[in-house]
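Take a look at the structure set out below.
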Amino acid sequence: MTQRKPDWLKVRFPTGPNYTRIDRYHREQGLHSVCRSAACPNQGECWSAGTATFMILGDRCTRSCAFCNVVGGTPAPPDPHEPEKIATAIAELALRHAVITAVTRDDLNDGGATHFAAVVRAIRHHAPGCTVELLISDLGGDHVALATILHAAPDILGHNLETVPRLYPRARQGAVYSRSLKLLTAVKASAPHLPTKSGLMLGIGETADELKGVFADLLAAGCDRLTLGQYLAPTRHHLPVERYLPPEEFAALRSTALHLGFRHVEAGPLVRSSYHAGQQALAAAGDVRQVRPPDD
């Protein structure tokens, strides 16, 4: 039986000049964004604040996670012009913070790392005042590919665990919990001052004790930023919601995570990976200045 969404999950229809401008640009230029492809409930708020999340490497994912609204299938080859196209869009839209994510590309030798790095370099050239956050896949555990991304020096690097390890076989087919933790650990080992971030979706059967265990694992991996949000099934064919957590439970989890040692935590029913990402980038500004390379 489908559960009825509680009132706290209702969102206002997005409006405002920034939203309208970014929405029109997406349609006219044929850009892919996770804001649209993942049916994010916050696209109006983020776009109005001058933050957008672009999805590179196509709109077909080589994995078919049970929770995700991005279409699975065989992807097209990477577009060599995409880095310039994304960077030009960011400059023309005068974005203050850009989040770059991608479909998982297990079909590519480096998981798309070279493409990610090219996008960062293009943004630095065309929009030097824009901070850049990357949300990457596990790259198949390839730490050489990870080094390619780190060499491009993003301002923030994120990789989502999504859920507790017990639920991986059900929710994240093809992903490995320990592999994701090793990726985050490798980031901090190579770039200790680079802010790292991970996200979890709640309401699919995880327990409070399991969440605390994941918090501890992330902190041990050097992850300093965390997002916690309510899972919302995109369609009736996706993984069903088992429970809608009330806002006060998210507030309690945020307090717990901060007490355990995370530097920044966004938690709430509508929170997603890039929610308030621009504000988080400002909060990380001291670290950002240390990780950016000098200009050539």
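Residue by residue, here is whether (1) under 26 Å from residue 70 (Cα atoms); (2) out of contact with any helix residue (DSSP H, G or I) (no Cβ under 7 Å at 6 or more places or on another chain); (3) surrounded by fewer than 16 Cβ atoms within 10 Å (Cβ to Cβ) holds:
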position: 193; (1), (2), (3): no, no, yes
position: 214; (1), (2), (3): yes, yes, no
position: 220; (1), (2), (3): no, yes, yes
position: 226; (1), (2), (3): yes, no, no
position: 241; (1), (2), (3): yes, yes, no
position: 249; (1), (2), (3): no, yes, no
position: 257; (1), (2), (3): no, no, no
position: 265; (1), (2), (3): yes, no, no
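Test of understanding: among 112, 129, 141, which residue is out of contact with any strand residue (DSSP E or B) (no Cβ under 9 Å at 6 or more places or on another chain), of a type outside the set (Ser, Thr, Tyr) and closer than 24 Å to residue 227 by Cβ? Break it down into steps so the answer makes sense when it comes.
On the way: 112 fails: out of contact with any strand residue (DSSP E or B) (no Cβ under 9 Å at 6 or more places or on another chain); 129 fails: closer than 24 Å to residue 227 by Cβ.
Criteria check complete, one pass: 141.
Results for (1) at pLDDT below 95; (2) under 23 Å from residue 89 (Cα atoms); (3) among the aromatic types (Phe, Trp, Tyr), shown as yes or no for each residue.
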position	(1), (2), (3)
112	no, yes, no
118	no, yes, no
140	yes, no, no
147	no, no, no
164	no, no, no
173	yes, no, no
177	no, no, yes
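Quick check: anything in segment 66-88 among the aromatic types (Phe, Trp, Tyr) and modelled with pLDDT of 95 or more?
We begin by selecting, within segment 66-88, every residue among the aromatic types (Phe, Trp, Tyr); these are 67.
If we keep only those that are modelled with pLDDT of 95 or more as well, we get none.
Within segment 66-88, none of the residues are among the aromatic types (Phe, Trp, Tyr) and modelled with pLDDT of 95 or more.
Under 16 Å from residue 181 (Cβ atoms), under 22 Å from the mean Cα position of the chain (by Cα) and either basic (Lys, Arg) or modelled with pLDDT of 95 or more (or both) - does that describe any residue in segment 227-247?
Scanning segment 227-247 turns up no residue that is under 16 Å from residue 181 (Cβ atoms), under 22 Å from the mean Cα position of the chain (by Cα) and either basic (Lys, Arg) or modelled with pLDDT of 95 or more (or both).
With the structure loaded, tell me whether residue 234 is in contact (Cβ under 8 Å) with a residue 60 or more places away in the chain, in contact with a Cys (Cβ under 8 Å, 6 or more places away or on another chain) and surrounded by fewer than 17 Cβ atoms within 10 Å (Cβ to Cβ) or whether it fails that test.
On the way: in contact (Cβ under 8 Å) with a residue 60 or more places away in the chain: yes; in contact with a Cys (Cβ under 8 Å, 6 or more places away or on another chain): yes; surrounded by fewer than 17 Cβ atoms within 10 Å (Cβ to Cβ): yes.
Criteria met by residue 234.
Please give the number of the condition residue 39 fails out of (1) at pLDDT below 80; (2) surrounded by 18 or more Cβ atoms within 10 Å (Cβ to Cβ); (3) hydrophobic (A, V, I, L, M, F, W, C); (4) not in a helix (DSSP H, G or I).
All conditions pass for residue 39, except number (2).
The values are calculated or read from the model by the stated rules, or taken from the named source; none is laboratory data. Quantities reported herein were computed from a predicted structural model and do not represent experimental measurements. So basically every Cβ, Gly included, is an ideal-geometry build from the backbone, and we count neighbours across all protein chains shown.
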